[in-house]
Amino acid sequence: MPFELFLALRYLVARRKQAFLSLISVISTVGVAVGVMALIIALALMTGLQGELRDRIVGASPHIYVWQVGEGLTDVATDMRRLKQVPHVIGASPIVLGKALVTAGEQQAFITVKGIDPATEGEVTDVSERMRSGTLGALATRPEASLAGIAIGQVLADQLRVRVGDTVTVMTPEGPLSPFGPTMGSRRLEITGIYSLGLFEFDAAYGFVDLATAQRLLARERPDFIEVRVDDMYAAPDVARDITSRLGATYITQDWAQMNQSLFSALWLEKVAISITIGLIVMVAALNIVASLVLLVMEKSRDIAILKTMGAAAGSITAIFMLQGLIIGAIGTLVGALAGLGVTTVLDRYKLIRVPMDVYQVAYVPFKVQPDDFVLVVLAALAICFLATIYPSRQASRLDPAQALRYQ
């Protein structure tokens, strides 16, 4: 073992009369560990929340909306065929969107009615996979004599106090024309399915009906949009631009990143702000390392002088105290990193932190540690601890043996 490392380890375990120095070293180690652990947990929280919201939003909505200015989508079949020929596009489906008031007994709620083609909706969203009861396909297989069907979210079903098989009344502002002008459209629908996307915005405010029923309810002659799904959600902006160039300037596109830009920008800003704030804890711990090394240099000035008179080089003296600071930083970083991983794993696996779904859009706080974030935190902590050792180590190497031994 190099004598520099031997002395660094020995100085870490102080004798009884130097117990104060040992206590400061322990406090410095704990400070680094707490800072690293807090930073990993904070990054995991923000990363998990971003990922959970992104996956649920993209799962409940298409990657791209396509519509045509002017007369609208006059030839939906041709447009869908052309869209499916665009590279990276894996699904397309027409929809109609409109606002409505749904009532069940004395309960009522405002919702967005979404008219879909049940045969192709599964190509662009995950709603059909998130049905808790009933099926999305039941919207298209209703007997002629029965009521048309509607699928609603679990939160809306609880609010209206209904379940599969119950009936609701849907009223829309776009009704048939009368001698006195437009009238409210009203129709009774049967609950054929209840879904749960885990996103309050959809589970509480969307009702899915088949395309023909939506067109009659909302007085639309043709679909409003065509939903598009691509094989890579992050390529959606590029595919959207490609669609416009292929189909013509009259076609307008909007991808999921554009629609949710403000949300994810705010989450990213919060992640950066939290990282900087908690990162200051590591810097405070680094100051503790500086203080402990300065005190150690003052305490060991006689030992340093003796080492120099025996021929120890200034670089060796510097290495002794740098190694001591790095050992403190490495132990604290390792303990903090392992503790952060353990805490985030337990919190995420058992969903221990629950939050109001109507406020935060999700029912619990997810935690996800990204490998690059983890490595960055560990390297940054080690770098800060290393920088903290430079000043006291250089001061120790510059100590004059004659002055140090003069007053001993």
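The values are calculated or read from the model by the stated rules, or taken from the named source; none is laboratory data. Since the structure is predicted, the reported quantities are computational estimates derived from the model, not experimental observations. Ideal geometry is used to build each Cβ from the backbone, glycine not excepted, and the neighbour counts take in all protein chains shown. Ligands, DNA and RNA are stripped out before the accessible areas are found, and what is left, the full protein with its side chains, is counted by its heavy atoms. Shrake-Rupley method; radii C 1.70, N 1.55, O 1.52, S 1.80 Å.
Evaluate the chain: find the radius of gyration of its Cα atoms, find its Kirkwood radius, and give the ratio Rg to Rh.
1.25
Quick query: amide H of Q68 versus all other amide H atoms, modeled in the peptide plane; which residues come in under 5 Å with a sequence gap of 5 or more or a different chain?
Answer set, sorted by chain and number: L73, I252.
Using a Gaussian network model of the chain whose springs link C-alpha atoms within less than 10 Å, name the residue from L296, L382, L217 with the highest mean-square fluctuation.
L296
Compute the angle between helix 261-299 and the longest alpha-carbon principal axis of the chain, please, reported from 0 to 90 degrees and rounded to the nearest 10.
Helix 261-299 sits at roughly 10 degrees to that axis.
Taking the mean number of other Cβ atoms within 10 Å as a proxy for protection, how do you rank 235-242, 273-280 from highest to lowest?
Averaged packing, sorted descending, gives the order 235-242, 273-280.
Can you work out D for the stretch 131-247 in µm² s⁻¹ from Stokes-Einstein, where Rh is the Kirkwood radius over C-alpha pairs, the temperature is 20 °C and the viscosity is 1.002 mPa s?
Reported coefficient: 131 µm²/s.
Between helix 371-397 and the chain, what is the angle of the helix's C-alpha long axis to the longest principal axis, kept within 0 to 90° and rounded to the nearest 10?
On a 0 to 90 degree scale, this one is about 20.
Quick check: the angle from helix 236-247's long axis to the longest principal axis of the chain, C-alpha only, nearest 10 degrees?
40
How large a share of the accessible area of the stretch 79-122, in percent, is made up of carbon and sulfur atoms when the probe is 1.4 Å and the other protein chains stay in place?
C and S fraction of accessible area: 51 percent.
Could you list the residues of the stretch 116-152 with an amide nitrogen less than 18 Å from a label point located 7 Å from the Cα of R222 in the Cα-to-C-beta direction?
116-117
May I ask you to derive the FRET efficiency for F386 and T345 from their Cβ-Cβ distance with R0 = 35 Å, giving the value to the nearest 0.05?
Result of the calculation: an efficiency of 0.75.
Taking the mean number of other Cβ atoms within 10 Å as a proxy for protection, how do you rank 188-196, 318-326 from highest to lowest?
Taking the mean over residues of other Cβ atoms within 10 Å, the ranking is 318-326, 188-196.
Compute, for the chain, the length of the dipole vector about the Cα centre, with Cβ point charges of +1 (Lys, Arg) and -1 (Asp, Glu) only. Units Debye, rounded to 20.
Roughly 2040 debye, rounded to the nearest 20.
What does the extension gain come out to for R354 and R10, with contour length at 0.36 nm per residue minus their alpha carbon separation?
119.1 nm is the gain from fully extending R354 to R10.
Give me a comma-separated list of calculated 3J(HN,Hα) values for the stretch 104-113, in order, Karplus coefficients 6.51, -1.76, 1.60 applied at θ = phi - 60°, integers in Hz, x for any Gly or Pro.
9, x, 8, 8, 8, 7, 8, 9, 9, 7
Subtracting the Cα-Cα distance from 0.36 nm times the residue separation, let me have the gained length for D75 to D232 in nm, one decimal.
53.8 nm
So with the 1.4 Å probe, I'd like the accessible area per residue for the chain, rounded to whole Å².
50
Give me the percent of Cα-Cα pairs in the stretch 95-161 that sit more than 15 Å apart, rounded to a whole number.
More than 15 Å apart: 60 percent of the Cα pairs in the stretch 95-161.
Could you compute how much accessible surface R398 exposes when probed at 1.4 Å, giving the result in Å² to the nearest 10?
About 150 Å², ignoring ligands and nucleic acids.
With all protein chains present and a 1.4 Å probe, how do K99, K84 order by accessible area, largest first?
Result of the area sort, largest leading: K99, K84.
Sort 102-113, 283-294 for me by packing, meaning the mean count of neighbouring Cβ atoms within 10 Å per residue, highest on top.
Highest to lowest by the protection proxy: 283-294, 102-113.
Karplus couplings for the stretch 215-223 from phi (6.51 cos²θ - 1.76 cosθ + 1.60, θ = phi - 60°), rounded to Hz, Gly and Pro as x?
Going residue by residue, I get 5, 6, 5, 9, 6, 10, 7, 8, x Hz, with x marking Gly and Pro.
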